[in-house]
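Colleague: This is the structure, below, for whatever I ask next.
The values are calculated or read from the model by the stated rules, or taken from the named source; none is laboratory data. Predicted model, so just to flag it, every value in this text is computed and none were measured. For neighbour counting, all protein chains shown are included, and Cβ atoms are generated from backbone atoms with ideal geometry for every residue, glycine included. Ligands, DNA and RNA are excluded from the accessible area calculation, which covers all protein heavy atoms including side chains. Shrake-Rupley method; radii C 1.70, N 1.55, O 1.52, S 1.80 Å.
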Amino acid sequence: MRVLIVEDDRSTRRLLAGLIESWGRTAVLAENGQQALAAFDTGDAPQLVLLDWMLPDVNGLELCRKVRTLGGPVPPHIIMLTSRADSGDLVAGLDAGADEYLVKPVDPIELRARLNAGERMIDLQQRLADRVAELETALGSVQKLTGLLPICAYCHSIRDDSNYWHRVEEYVSEHSDVTFSHGICPKCQPRAREEMNAESQP
Amino acid sequence: MTQVVGSPTAATLVDSGLLARVGGDRALLAEVIELFLEDGPMMVEQIRKGLADGDTAAVRMAAHSLAGTAANFDADELTTLARALETHARADDIAESRKAFARLVSAVRQVLDRLTVIHTALQCAS
């Protein structure tokens, strides 16, 4: 899992990177908003973001909104880092698209728990995105019978787009995954018996 | 102040709170302290220059960074003073910012002294 750390202070950045790497994750470092956005331009975009509230070139809230507009099948999980415990600021952060927040100084135990929770969320979203892609592929390959079908009122043959008439079974088999197995329904059984008897008469 | 390798003083200097902040990694703590020993005085200079230029945005940014970093080292007094300065700077109150800065300078010096000792102890122990 790649974790982007957006933090302008060198020692805090090193502290967070050291913790994250000690837990087996890859730390990607950015000291301002520009570097943070550039990290998403690579083929290997970070899935988790630790985002400082105050950055030299951009407000953390603005950056959060920008990251949210980048798109992609699985949006990154954003944890805002703030030294302010003010609820109004936290609400603004969450409104801007942050998934969670952590108040500085960061408690490593809490950070690790939040990262794990974020990874579970990303995993879930990834599986959902995969399933949606599978369903879209499946839907694309399904042959559909839709629209108006001209059918003979007597023999029930169906007329195709080229003006040829086909038996119902033949037409439906060609335009769907259906295979017909033939039988005789109870209503038609007496008639079938009569026909068979007539045929057997010399 | 010189620390002797493995001395009880060296061990007790690095309190459990500081170590917990870096997940118990002494080498990481030494690195983080070293960066602050370099950057802390620079932040103070940025604030001093911002106050001289009347640039409250620069003062606010540097005070914010200083507060955040000081909090990493459990330097509560410095954190509180830096946050107060940040608040005054946000309010564009240069007079109050200058007063806050005067108090902050001695707090920074104390924290830098304390961290220098801890850093030396960590270096000796490694």
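Colleague: For a Förster distance of 30 Å, can you work out the FRET efficiency between the beta-carbons of B:Asp15 and B:Ile94, rounded to the nearest 0.05?
Modeller: It comes out at approximately 0.20.
Colleague: I want to verify a result. In a Gaussian network model of chain A, Cα cutoff 10 Å, which of these has the top mean-square fluctuation: A:Gln189, A:Gln126, A:Gln34?
Modeller: A:Gln189
Colleague: So, one more: Could you tell me which helices of chain B pass both thresholds, a Cα extent of 27 Å or more along their own axis and a mean Kyte-Doolittle hydropathy of at least 0.0, with helices taken as whole DSSP H runs?
Modeller: Sorted by number, the helices that extend far enough and score high enough are B:26-53, B:94-125.
Colleague: Follow-up. Cα gyration tensor of the stretch A:2-133, axes a ≥ b ≥ c as square roots of the eigenvalues: rounded (a/c below 1.5), prolate (a/b > b/c) or oblate?
Modeller: Verdict is rounded for the stretch A:2-133.
Colleague: What number does the stretch A:144-200 give for Rg over Rh if you use C-alpha atoms and the Kirkwood radius?
Modeller: 1.09
Colleague: What is the count of Lys pairs in the protein assembly as shown whose alpha carbons sit under 27 Å apart, if the two are 8 or more places apart or on different chains?
Modeller: Counting lysine pairs in the protein assembly as shown gives 4.
Colleague: Across 10 Å bins from 0, what is the distribution of all Cα-Cα pair distances for the protein assembly as shown, in whole percents?
Modeller: 5, 19, 22, 15, 8, 6, 6, 6, 6, 4, 2, 1, 0
Colleague: Given only helices, namely DSSP H runs of n ≥ 4 each adding -39500 (n - 2.57), what is the per-residue ellipticity at 222 nm of chain A, to the nearest 500 deg cm²/dmol?
Modeller: -14500 deg cm²/dmol
Colleague: Ok, one more. So if I restrict to the alpha-carbon atoms in chain B, what is the Rg, and what is Dmax, the biggest pairwise distance, in Å?
Modeller: 15.8, 50
Colleague: Also, quick follow-up: Return the percentage of antiparallel bridges among DSSP beta bridges fully within the stretch A:2-133, rounded to the nearest 5 %.
Modeller: 5 percent
Colleague: If you don't mind, another one. Which residues of the stretch A:1-31 show a drop of at least 40 Å² in accessible area when all protein chains are present, compared with their chain alone (probe radius 1.4 Å, heavy atoms only, ligands and nucleic acids excluded)?
Modeller: Correct list: A:Asp9, A:Arg10, A:Ser11, A:Arg14, A:Leu15.
Colleague: Shifting gears a bit: For peptide B:53-66, how many partner chain Cβ atoms fall within 10 Å of a residue's Cβ, on average?
Modeller: 2
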